[in-house]
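To start, the structure itself, in structure tokens.
The values are calculated or read from the model by the stated rules, or taken from the named source; none is laboratory data. These figures come from a predicted structure and were not determined experimentally. In this analysis, Cβ positions are derived from the backbone assuming ideal geometry, glycine residues included, and neighbour counts consider all displayed protein chains. SASA here: full protein model, heavy atoms, side chains in, ligands and nucleic acids out. Shrake-Rupley method; radii C 1.70, N 1.55, O 1.52, S 1.80 Å.
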Amino acid sequence: LGMYFGGAPAGPAGTGKTETTKDLGNTLGIFVVVTNCTDQMKYTDCAKIFKGLCQGGLWGCFDEFNRITLPVLSVVAQQVLAIQNAKKQGVEFFQFPGDPQNVVIQPVCAFFITMNPGYAGRQELPENLKALFRGVAMMVPDFQIIKKVKMCSVGYSDFDLLSQKFFALYSTCKEQLSNQRHYDWGLRNILSVLRTMGATKRENLDKPEAYLVYRTVRDMNLSKLVAQDVPLFLSLLADLFPDMSPPPKSDYPKEEEILKTVVEKYQLVHHEDWVLKVKQLYETTKVRHGIMLVGPSGGGKSCIFKCLKDTLQESERIQYKDVRFNPKAIRAQEMYGETDPFSGEWTTG
């Protein structure tokens with residue numbers, strides 16, 4: 001920054017690229033605006049953001065910058081260059097490329113771009129843009145220390161041993177279980193499991209901590225494992241907690257009774273494995289916001305959803321609404337929102 005360059009942290013997901021930028025701005029008392037870049041961004045959209053940041057004296061952090069298409073990136077390089085030259089000259093106003101009016105510049109403004117190298121749909125940055133940013137390589141952090149500190153902060157007293165077991169379980173899962181697309185043993189999954197562990201601990205203060213960790217890790221990961229991995233995962237857990245019998249599966253007697261009547265209403269079969277999936281979906285809804293049901297067609301995904309919805313309507317006396325979209329019937333932009341090519345107005349999806 002002292003040399004009027006921008007910063008470009010690069011590294012795999014979950015290494016704290018955006019967080020580091022936000023923290024640095026926070027420490028210096030500067031507001032950081034984080035923009036998630038998409039391949040739909042045009043140079044006019046970038047120009048709007050850049051001009052705003054210059055006039056407000058803010059920091060801009062452009063997340064996943066290498067998603068922007070190449071023609072746009074080369075124009076962006078010109079825009080950033082103009083701003084950096086103005087900063088070096090120490091002027092109050094400067095000519096922004098493609099803008100007739102002069103733009104006010106506050107010398108505090110700075111730009112950061114974060115990149116995930118080697119993902120599908122990402123570009124290599126052009127050379128004239130690379131020259132304007134100083135690269136910072138980010139390493140994957142030591143997950144065990146993070147788990148240890150987090151466990152301590154959510155209230156576990158035996159955090160040292162338990163975090164070692166948790167770490168061992170996840171690293172073994174990564175290596176030994178089959179490689180499915182929807183598996184995630186990364187930091188974001190770890191943090192949500194730790195949050196749930198904290199909630200479980202606060203609800204059951206009298207139970208042994210190892211038991212709570214065992215139960216939380218098992219219940220939050222079992223639903224997403226494919227059939228061949230389930231016995232392996234359970235045996236890994238049993239190896240890590242050798243002196244403990246597996247905690248009982250949680251049961252919901254009231255909901256299960258209602259489910260039986262719902263199953264009869266739809267003339268389905270009350271099958272044990274299927275009922276287990278309904279229970280797992282119910283448990284997942286309590287700890288997650290967005291849920292994806294994955295499986296072959298005819299596997300009973302819609303039925304699980306429909307029956308759980310009816311069961312909860314009965315038991316909680318709340319009307320649930322379910323809105324169905326067929327992604328083939330609408331364009332992706334209609335779902336997520338798009339910019340109008342002529343007026344540059346944004347319409348939300």
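Quick rundown of the values:
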{"item": "Tally, over region 75-90, of residues that are touching a helix residue (DSSP H, G or I) at 6+ places or on another chain (Cβ under 7 Å) and open to solvent by 30 Å² or more (accessible area, probe 1.4 Å)", "result": "1"}
{"item": "Qualifying residue in region 241-251 (condition: of a type in the set (Phe, Trp, Tyr) and either surrounded by fewer than 17 Cβ atoms within 10 Å (Cβ to Cβ) or not in a loop (DSSP other than H, G, I, E, B) (or both))", "result": "no"}
{"item": "Among (1) in contact (Cβ under 8 Å) with a residue 24 or more places away in the chain; (2) in a helix (DSSP H, G or I); (3) closer than 17 Å to Gly6 by Cβ - the single one Thr44 does not satisfy", "result": "(3)"}
{"item": "Filter pass, Glu209 being open to solvent by less than 60 Å² (accessible area, probe 1.4 Å) and either farther than 28 Å from Asp229 by Cα or in contact (Cβ under 8 Å) with a residue 40 or more places away in the chain (or both)", "result": "yes"}
{"item": "In region 131-152, residue surrounded by the fewest Cβ atoms within 10 Å (Cβ to Cβ) [restricted to those that are in a helix (DSSP H, G or I) and free of Cβ contacts under 8 Å to residues at least 24 places away in the same chain]", "result": "Ile145"}
{"item": "Leu53 being among the aliphatic types (A, V, I, L, M), in a loop (DSSP other than H, G, I, E, B) and either in contact (Cβ under 8 Å) with a residue 40 or more places away in the chain or touching a Pro at 6+ places or on another chain (Cβ under 9 Å) (or both)", "result": "no"}
{"item": "Number of the exception - Ser157 against (1) within 26 Å of the chain's Cα centre (by Cα); (2) among the polar types (S, T, N, Q); (3) exposed (fewer than 14 other Cβ atoms within 10 Å of the Cβ)", "result": "(1)"}
{"item": "Matching entry among Leu169, Leu225, Leu191 (being part of a helix (DSSP H, G or I) and open to solvent by less than 40 Å² (accessible area, probe 1.4 Å))", "result": "Leu169"}
{"item": "Region 293-323 - residue that is touching a Ser or Thr at 6+ places or on another chain (Cβ under 9 Å) and open to solvent by 60 Å² or more (accessible area, probe 1.4 Å) and, of those, nearest to Glu264 (Cα to Cα)", "result": "Glu314"}
